[in-house]
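Working notes, structure below.
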Amino acid sequence: MENEKIIEKTTQTITDEPKSAEKKQPRNRGRRPSNRAKQQNKTSDAPAKQEPKKTPQQKTQHPKKNTQNKQEKAPKEERINPVQKAVRQIMGNGEEKQKRRPRRKKSSAKNPVRIIPLGGLNEIGKNMTCYECSNDMFIVDCGLAFPDETMLGIDIVIPDFTYVTKNNRDKVRGIFITHGHEDHIGALPYLLKELNVPVYATRLTIGLIKNKLKEHGLLGTVQLVEVKQRDTIKVGCMSVEFINVNHSIPDACGFAIHTPVGVIVQTGDFKIDYTPIQGNIIDLARFGELGAHGVLALLPDSTNAEVPGMAMSERRVGASFDRLFQMAGTRRIIIATFASNIHRIQQIVDYAQKYEKKVAVSGRSMVNVVATAVELGYLKIPGNLLVDIDVANKLPPEKVVIITTGSQGEPMSALTRMAMSDHRKVSVTNNDFIIISARPIPGNEKLVSRVVNQLMQLGAEVIYERMYETHVSGHACQDELRLMMCLTRPKFVLPMHGEYKHQKKVEELAVEMGIDRENVVLPAMGQILELDGETIQLVGEVPSGAVMVDGLGVGDVGSIVLRDRKHLAEDGLIVVVATINTRSRKLIAGPDIISRGFVYVRESEDMINQAQAIAKEAMEGCLNNGIRDWGSIKQRMKDDVSKYFYAQTKRSPMVLVVLQEA
C-alpha cells in the first residue's frame, strides 16, 4: 500500500507540472527540445504541451537537493530513483528499452575472414583448409587420399595446391596440423617442396611428419614447431589455439581460430572418450568457455554424423582382444589395424604380455610408426617382448602375435601379400587366427572382402564381424556432435570432413539444436566463404580438385591418361605397323598387326589376317588418291580397322598406327 501511495503522489506531482514549468520557460529560450523530452511527449498519456517540461518541474519540487548538488552533478541515470523508474514504466516510457538495446557492431571496419576448403569435402581424406584475413593466410592440415577403382595405376591422391603456391605463396604464415593420420599429413612433403613455411603440431604428430619428410629428403630443411594443448600461435592478424580432443591417435587437437570478426572452432577429427587409453579426455571445458564468450562458426567432423548415440570407448576393443586371445588357443595370432592407431597397438601389446606371447610387426608404415611411438614414449613395450619377424618365425605359433598393415585391403599392404601367398616372411596356414581390427573405409569394402576370402581359402580363421567389437570409431557420432554444438553455441555451422550425405546430416542436427537453417552452410571444395562477423557469403571459387601421384610423377597423370588406362584395361590394344618408301611413297612392308589384351593371335588368325588386308587397302587408297599427310593416312587406317574389330567382336580396342619410312 505504501508503494502505491508513493507512486500516486509522484504521478500527481508530474501532472501538476505545467504551472512551474511556465515559470522556467525563459531559461530554455532558443534551445531545441532534448531527445528525452521528445520521447516523453510520445509515450506519456499527459497532454503534449505539459509533458516536455518534466525536467524543470523536478528541479522545482526539490530545490534544496539541486542546490546541494550544484557543484557535483551526477549523471542523469544516477538521479533517477526507483519510484521514478516505476512511474515511467506505468506511463509507458520506452527509454529503458532503448538503453538495453545493444549497439550494432561496426563490422565494416574489420577485415573479413575467408575460409577456403581445398579438400576433405564430398570425400573421405585429402583434408586441407585455408584461412585468409587481409595479407595473412595459414593452412589447416594437408592430407592425402587413396585412389579408387577408376584411378588405375595411381599411388595416392593429393589436393590441388595452385591457389596457395601460385597465387598466395607470400601470404602463407604457416601450416597447422590437427593430428598424425595420413589423411591429414600425407601430402605435406609435396606442398613443402613448393612452399617452405613453418609447420606447427603436437609432439607425436611432429615425429610422424619427420618420418615422411625423411622419405622425401626434406628433413632438416623445414621448420617444425612443437606445441602443446592450449598453446596459442600468433599468425598475423589471427591466432590459432590448440585444444585437446580424443581420437584414434594420441596428441590429436582441435583449433580455436581467433580472428578480427570472431572465433572460429575447427574440431578436426574427434570423439568424446571418457576412458581414453592414454592422455586426458577431450577439453570440453575450453570448448564451453569459447561458447560462453561467443563462437562465430563451428567446423565439425561429420564422418559419423549418420550414426546415432556416441562412439564407444577404445577400452571396449581391449575387452574383445582378451576374449579373442583365449579363442586362438595354440594358433598364431595375426592382427591387422591402422599403423597410426597407437592406442590399439598398445592394447595388443598389453594382452600379448598377459598371455606370454612375443610381438612382431609387419609392413613398412607399421614399423616406422611403432619405432617413433616407442622413441617418444607414446607406446610402452617391455624390453624383450618385441621381436623381429625372422625371430618370430622360429617360435612356436602359440607364442607369436604379428601386428600388420592391410586392414583396408590395400593391394600392396602386408596382409594382402599374405593372402596372395606373396609375402616373403609370413605364410598363412590353417594354424593362423587372423583379426581385422578396423572398419572398411567407404569404397574399400570389396578390397577387404577379397582379402578375407583369400585368407579363408588358405585355411585361416578370420575375425572381421562387428559382433566381436574389434574396432571402434575415432569419429564423433550424433550425440557427440549435439554436445559440441551445445557447448560452443555457434552462429554458423560448416560441416567438414565427410561426404555430402554426412554434411547434410550435420545440417539436420544443427537445426534440431536451434540453429537457423540458413546459418548452416554446406561448403564445397574450392569455394571462398567470407565471414564479416554478421553474415557469411560465397564470394568466389579457386582451383581445386585431385592431383594424382604415380611413382615420381606428381600431377602428370590426368583424366585423359586415366581414360586411356581404363580403355586399355577393358578392351586391350591393337598396334598396326607399316613401312613406306620415302621416294616412291609406296608400301614396302606390312601392315603387321600386334594384339595385347584383345585376342590371342594364334586362335584368331583369320580375323587378324582380314584386319591386315583392311589396313593395307585403306593406306593404298590414300596414297593412290594423292593424300601425302601421314596424320590423315593413320586416321583412315585406324577408323577402318576399329570398325572391323567392333563388327566382329562388339569390342573397341585401342588402335595405334605406326608408319615407318625406308
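Things worth noting here:
- Positive-pole candidate from Phe146, Pro159, Leu188, dipole of the range 144-253, charges at beta carbon: Leu188
- Label point distance in nm, Ile594-Met327, each placed 7 Å from Cα along Cα→Cβ: 5.4
- For peptides 119-126, 254-261, sequence by mean Cβ density within 10 Å, most packed first: 119-126, 254-261
- The 3J(HN,Hα) values that the Karplus relation (6.51, -1.76, 1.60; θ = phi - 60°) gives for the range 282-299 are, in residue order, 3, 7, 5, 4, 5, 4, x, 4, 4, x, 5, 8, x, 10, 6, 8, 10, 10 Hz. Gly and Pro appear as x.
- The residue among Phe598, Gln610, Leu573 whose Cα reaches farthest toward the positive pole of the charge dipole of the range 561-654, with charges on the beta-carbon of Lys, Arg, Asp and Glu, is Leu573.
- For the peptides 427-437, 397-407, residues were scored by their other Cβ atoms within 10 Å and the scores averaged per peptide; the highest-first order is 397-407, 427-437.
- Shown are Leu386, Leu415, Leu224, whose ranking by accessible area with a 1.4 Å probe and every protein chain present, most to least, is Leu386, Leu224, Leu415.
- Per-residue packing, averaged as other Cβ atoms within 10 Å, sorts the ranges 300-313, 173-186 into the order 173-186, 300-313, beginning with the highest.
- Applying a DSSP loop filter and a limit of 14 other Cβ atoms within 10 Å to the GluC sites (Glu not before Pro) in the range 426-514 leaves Glu465.
- The mean sequence separation of alpha-carbon pairs under 8 Å and at least six residues apart, normalised by the residue count of the range 355-485, gives a relative contact order of 22 percent.
- Cα-centred dipole magnitude for the range 232-385, charges only on beta-carbon of K, R (+1) and D, E (-1), debye, nearest 20: 740
- Cα shape, the range 560-599, gyration tensor, a/c 1.5 rule: oblate
- Rounded to the nearest 10 square angstrom, Asp322 shows an accessible area of 30 square angstrom against a 1.4 Å probe.
- Student exercise, the range 164-266 dipole from Lys, Arg, Asp, Glu Cβ charges, in Debye to nearest 20: 260
- For the range 353-362, backbone phi angles converted through the Karplus equation (6.51, -1.76, 1.60; θ = phi - 60°) give residue-by-residue couplings of 5, 4, 9, 6, 10, 8, 10, 10, 10, 9 Hz, Gly and Pro being listed as x.
- Neighbourhood net charge (11 Å Cβ-Cβ; Lys/Arg +1, Asp/Glu -1) for Gly474: -1
- Computed extension gain for Ser652 through Lys193, at 0.36 nm per residue and net of the alpha carbon distance, reaches 161.1 nm.
- The range 567-653 shape via C-alpha gyration tensor axes, a/c threshold 1.5: prolate
- Reported to the nearest whole Å, the Cα centre-to-centre distance from the range 337-397 to the range 246-306 is 31.
- Each residue of the range 648-657 is assigned a 3J(HN,Hα), and the resulting list reads 7, 10, 6, 10, 10, x, 6, 10, 10, 10 Hz, derived from the Karplus form 6.51 cos²θ - 1.76 cosθ + 1.60 (θ = phi - 60°), x at Gly and Pro.
- Entry note, the range 173-214: relative contact order of 53 percent, from Cα contacts under 8 Å with a spacing of 6+ residues.
- Remark: the Cα gyration tensor places the range 520-571 in the prolate category, a/c being 1.5 or greater and a/b exceeding b/c.
- Per residue, the average separation of C-alpha pairs within less than 8 Å and at least 6 apart gives the range 319-432 a relative contact order of 35 percent.
- Centroid-to-centroid separation of the range 558-600 and the range 197-245 [C-alpha atoms, Å]: 52
- Distance from the range 411-470 to the range 109-151 (C-alpha centre basis), Å: 34
- Local net charge near Pro543, Cβ-Cβ under 13 Å (Lys/Arg +1, Asp/Glu -1): -1
- Solvent-accessible ranking of Met485, Met525, largest area first, probe 1.4 Å: Met525, Met485
- Cβ charges +1 (Lys, Arg) and -1 (Asp, Glu), total dipole of the range 96-249, debye: 1580
- The residues packed around Glu617, meaning those with a beta-carbon under 13 Å from its beta-carbon, carry a net charge of 0 if Lys and Arg are +1 and Asp and Glu are -1.
The values are calculated or read from the model by the stated rules, or taken from the named source; none is laboratory data. These numbers were taken from a predicted model, which means no experiment stands behind them. Here the Cβ is made from the backbone with ideal geometry for all residues, glycine too, and neighbour counts use every protein chain on show. Calculation scope for accessible area: heavy atoms of the full protein, side chains included, ligands and nucleic acids excluded. Shrake-Rupley method; radii C 1.70, N 1.55, O 1.52, S 1.80 Å.
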